[in-house]
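Everything on this sheet refers to the single structure shown next.
Where a number appears in this text, it was derived from the coordinates with a stated rule and is not lab data. Nothing here was measured: the structure is a model prediction, and the numbers come from that model. Here Cβ is always computed from backbone atoms with ideal geometry, including for glycine, and neighbour counts include all displayed protein chains.
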Amino acid sequence: MLTPQTVFPICTIANTPRLPEHCIEWASVLEWPRVFKDKELNNDNPDHIQWLFEQASARAKEHDISGVTWSLTQGVIKNIIPAIASTNAIIAGSCCNEAFKIATTCAPYLQNYMMYNGTDSLYTYTFQHEKKPDCPVCGGESVQISVSKDWFLQQLVDYLIERPDFQIKHPSLSTPNGPLFFQGPPELRKSTEDNLTKKLIDLFPDHLTPESDGIQITVTDSSLPFKLNLLVKLQ
């Protein structure tokens, strides 16, 4: 949830600066190493920031750019994200209020959202963030799918890739008993890729009875920050 650091193209800050930030970046990225060689820039050293401010101001003057200040120089170098004091006060007050309600049970506490109107703002209804039961990320349960018992494992892999809600490209599959198919490393892929041409009915002969709860399959992929748990039922 943190704002990513802004990165300016080297060609812009070196040749065609248009913003005060370009001049500050030029002073820190290009001019400092040229002047001080291997000396490390200390973002917390006021003397270093002062030197950068002076160099950035001179470059800004050469290119008719205004707005270079000491505080902006410090903010760009240290990637400081400006914050409004009133916003911080509102959030801090709400946190204290919620802590008091939880500790004393004097009132119901908030769910997962807060609506602040202030004195002059417009009221608009706020929807609570709800959890999708079968969401592969936050659902917390296995995603149930039903497929044909005559499918080959390759068809199951293709089906998972085509599912837009999964957003996977190179899935690896395994069960509690061992791997089904792994994309890598090469040795493991070679030892499991023969399963791709096998039918699910042959891989899981014990899961054809009505009493079967389904096949627990764990899916991993480089594009997934989590393991996807599937409950596959054969029809």
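Key figures for this structure:
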quantity	calculated
The chain: most fluctuating residue of LEU173, LEU196, LEU30 per GNM, C-alpha cutoff 10 Å	LEU30
Read-out P(r) over Cα pairs in 10 Å bins from 0, in percent, derived from the coordinates shown; its label in (i) 8, 34, 40, 17, 2, 0; (ii) 7, 31, 37, 21, 4, 0; (iii) 6, 19, 15, 12, 21, 19, 8, 2, 0	(iii)
Where trypsin sites (Lys or Arg not before Pro) fall in DSSP loop in region 48-138, at most 14 other Cβ within 10 Å	LYS131
Reciprocal of mean inverse Cα separation for region 143-234 (Kirkwood radius, Å)	13.4 Å
Positive minus negative residues near TRP26 (Lys, Arg vs Asp, Glu; Cβ under 11 Å)	-2
22 Å Cα-Cα threshold exceeded, pairs from LYS199/LYS233; LYS101/LYS132; LYS132/LYS198; LYS198/LYS233; LYS131/LYS227; LYS101/LYS131	LYS101/LYS132; LYS132/LYS198; LYS101/LYS131
Counted charge near ALA60, where neighbours are those whose Cβ lies closer than 14 Å (Asp, Glu -1; Lys, Arg +1)	-3
Contact order relative to length of region 1-112, as percent, for alpha carbon pairs under 8 angstrom and 6 or more apart	24 percent
Percentage relative contact order, the chain, counting C-alpha pairs under 8 Å, at least six apart	14 percent
R0 of 30 Å, Cβ-Cβ distance THR124-THR69: FRET efficiency to nearest 0.05	0.20
Shape of region 10-78, Cα gyration tensor, a/c cut at 1.5	oblate
Net charge of neighbours whose Cβ lies under 13 Å from the Cβ of LYS198, counting Lys and Arg as +1 and Asp and Glu as -1	-2
